[in-house]
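Inspection log for the structure reproduced underneath, given as structure tokens.
Nothing in this text is a laboratory measurement; each read-out follows from the coordinates by a stated rule. It should be emphasised that the depicted structure is a prediction, and the values quoted were computed from it without experimental measurement. Note: ideal-geometry Cβ built from the backbone for every residue, glycine included; neighbour counts use all protein chains shown.
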Amino acid sequence: MKTAVIALNTFREAIRDKLLLVLVIFGFLLMASSKIIKPLAVGEEAKIIKDLGLASIALIMTLIAILVGGRLVYKEIDKRTIYIILSKPIYRFQLLLGKYLGLMFVIFLSIVIMTGGYYVVLYFTQTQANLHLLLSVLLTYFQVSIITGLAIFFSTFVTPIASSIFTFFIYFIGHLTRDLKALAAISKSPIVKIVAEFFYYLLPNLSNFNIKGPLVHDVLINYSIIYWAILYSLLYTGALLFLASLIFRQKEF
Amino acid sequence: MPLYVKKKLTRVPITIAIIIGWLLTIWTLQKTIDKTRRRPLRELLVEEMMYFPSGNFLHPTVIEFENIFADLVWLRAIQYYGHHLMTDKKFEWLGHIFEILTNLDQRFINAYHFGAITLAWDAREVEEAIRLLRKGMADNLLDWQLPFDVGFINFVLKDDYSTAGYYFKIAGKLPNSWFITQRWAAYAYGKAKKFETARQLWIDIYNSTDNKKLQELTLKNLRKLQLDEDLNNLQMALDHFFRDNRIYPKTIIELVNRGYIKNIPKEPFGGRYVIRGDKIQTTTSPKVIFQLEFSPSLIQ
């Protein structure tokens, strides 16, 4: 219940944030620009419109998670409202979880609005609107869940700017972890092998959530990928929030 | 009117005038910069392509947005191709662009298809085109278009009918392939003088359909194949005869009498095989054979 109250409050706060509005409008403009690109595409209009829509949703949601998520906890500390909240009978973990759930609800709403806009663009450009594309949006949501977890984790011990930078780096590296695996495979040094393997499993493997390519090309995918990716996201985010609460508990207010 | 309102009102037009003045200055300045830096579009495009990083490098840097980056490269490729097609017809960076494009999006079938066709026909880079298609085949094992294109390039540009037949045959076995692909395979094998394979393919086509028209067409092509095989065998026997005797026989029966062939095969179109100089020919009108060879059967 206490978590729900904090989540609701975070949701209200984030909705009022102009940054969110700007990002969503920017996302819509990006998707709508496919109408301009259409005549230049020479037979690949449908592909470009689908790609642009999915990329816009992923980009905007990631930016919301990084930029809004990084400020969530810091804002409470900066405005001293943290003292009021923590003076109530509430666990610090509940505060973090509430913040996380509130932001995830904002992201959910933004994703629903943007996906609606995406299908409107598909409809008006007479592009075959395949419902399979929603699976990519679903996995984008669970990818963003990890990114939000990371942003909250960092925001418990660094400033919002630093938190956003760190989260962005992990997001970037998270899409390249397969290269770590490749490095481990080709390296002759056992230390490099161990270190590369260790980071391969430690860092979030965000390429697990990227199924945009096969879906746009109507390539059949193994549906178990989706279940495993969702489970991975839940476990990883849970671990991040747990670690964040451990750090947050050490803080003295 | 109070004085502060008057002051405010006089400030508004001054502010607007300053903004307009600033915009005009910036506009003029940018025009001047553009004029001094003006270079031909071709030069700009070539320069841009030179610094375009390889797809292998670009792929990890664009993280999860590889498809949308591939689309941007596709738009650039179309512009590059269109510009050079209308001007100097030089396509030196075309292979590089499609290499990047297909490294970013390995499933972009039209990029392989369009890239290979333009590379082969416009840039005259036949081997580069085939390499691009084979790369695409490795990443898209079930797509019929790419092996078909390899076959087509081998057939039309390299006159390598045997390889063409091989790739047409592969394309024909893949899901949703163009229904005439098997016919192309049979036809190419026939041209490559691999008569047995070609015959088997035509028979397969015959057995796989209930369409009377297609069956009729298949039988015609089997007859044409028989004609080609007979002409080929008889020509070999004639050449053999000449090598042994330093003279050509007057009639075809001499080839039988001297043991170069067992018997004279029956000409499948109702004509006869005859020797004309150093060549074996048929008495069937070339028009009949020509009509069959260039009939729409291969494309309909």
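Overview of values
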{"item": "For A:I48, net neighbour charge (Lys/Arg +1, Asp/Glu -1) across residues whose Cβ lies under 9 Å away", "result": "-1"}
{"item": "Positive minus negative residues near A:F172 (Lys, Arg vs Asp, Glu; Cβ under 14 Å)", "result": "-2"}
{"item": "Chain A - Kirkwood radius from inverse mean 1/r over Cα pairs (Å)", "result": "19.5"}
{"item": "Calculated from backbone phi, Karplus (6.51, -1.76, 1.60) coupling profile of the stretch B:77-89 in Hz, x at Gly/Pro", "result": "4, 5, 4, 4, 5, x, 4, 6, 5, 7, 10, 8, 6"}
{"item": "Those aspartates and glutamates that a straight Cα-Cα span of less than 19 Å connects to A:K88, excepting residues fewer than 8 apart in one chain", "result": "A:E76, A:D78, A:E252"}
{"item": "Folded to 0 to 90 degrees: helix A:177-186 orientation relative to chain A principal axis, Cα", "result": "80"}
{"item": "Net charge of neighbours whose Cβ lies under 15 Å from the Cβ of A:G213, counting Lys and Arg as +1 and Asp and Glu as -1", "result": "-4"}
{"item": "Part-to-part distance (alpha-carbon centres) for the stretch A:1-36 and the stretch A:166-189, which is given in Å", "result": "31"}
{"item": "Helix A:160-174 axis, angle to chain A major axis (alpha carbon atoms, nearest 10°)", "result": "50"}
{"item": "Compactness of the protein assembly as shown as Cα Rg over 2.2 N^0.38 Å, two decimals", "result": "1.42"}
{"item": "Relative contact order %, the stretch B:209-300, counting alpha carbon pairs below 8 Å whose residues are six or more apart", "result": "26"}
{"item": "Entries of A:K47/B:K31; A:K35/B:K89; A:K50/B:K135; B:K213/B:K287 with Cα pairs more than 27 Å apart", "result": "A:K47/B:K31; A:K35/B:K89"}
{"item": "Dimensionless Rg ratio for chain B, taking C-alpha atoms and the 2.2 N^0.38 Å reference", "result": "1.68"}
{"item": "Reachable lysines, given that their alpha-carbon falls under 22 Å from the alpha-carbon of B:K212 and they are not under 8 places away in the same chain", "result": "B:K220, B:K224"}
{"item": "Relative intensity, log₁₀ I(q)/I(0), of the stretch B:209-300 from a Debye sum that treats every alpha carbon as a point, q = 0.15, 0.16, 0.17, 0.26 Å⁻¹", "result": "-0.63, -0.69, -0.75, -1.33"}
{"item": "Exercise: per-residue mean of other protein chain Cβ atoms within 10 Å, A:217-228", "result": "1"}
{"item": "Peptide B:56-68, shielding by other chains (average Cβ, 10 Å cutoff)", "result": "6"}
{"item": "Reach of B:K262 by Cα under 14 Å, taken over aspartates and glutamates that are not fewer than 8 positions away in the same chain", "result": "B:D230, B:E254"}
{"item": "Tilt relative to chain B, helix B:126-139 - C-alpha long axis, 0 to 90 degrees, to 10", "result": "80"}
{"item": "Normalised contact order of chain A, rounded percent, pairs of Cα under 8 Å and 6 or more residues apart", "result": "26"}
{"item": "Fraction of alpha-carbon pairs over 24 Å apart in the stretch B:114-272 - percent", "result": "48"}
